[in-house]
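Visitor: Here's a structure for you.
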């Protein structure tokens, strides 16, 4: 039976993809859910994220 071979570059690329996916998920959760639960902010960028309904 053939055994799969994993090179260092494949493992590195896979790890980078997983890290990017986790960061994207956290940013989405903040923008979609968590920012709505926070109090009003004076920062215009955060205020626009909170009021994006």
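None of the figures in this text is laboratory data; all of them are computed from the coordinates on show. Here the structure is a predicted model, which is why all the values come from computation and not from measurement. A quick note on method: Cβ atoms are made from the backbone with ideal geometry, for glycine too, and the neighbour counts reach across all protein chains shown.
Visitor: Tell me what the chain gives for mean residue ellipticity at 222 nm when only DSSP H runs of n ≥ 4 count, each as -39,500 (n - 2.57), the sum divided by the residue total, rounded to 500 deg cm²/dmol.
Guide: Working: 2 runs with 29 residues, N = 53.
Calculated at 222 nm, the ellipticity per residue is -18000 deg cm²/dmol.
Visitor: Given points 7 Å out from each Cα along the Cα-Cβ axis, report the residue 16 to residue 38 separation in nanometres with one decimal.
Guide: Each label point is offset 7 Å from its Cα along the Cβ direction, giving 3.0 nm.
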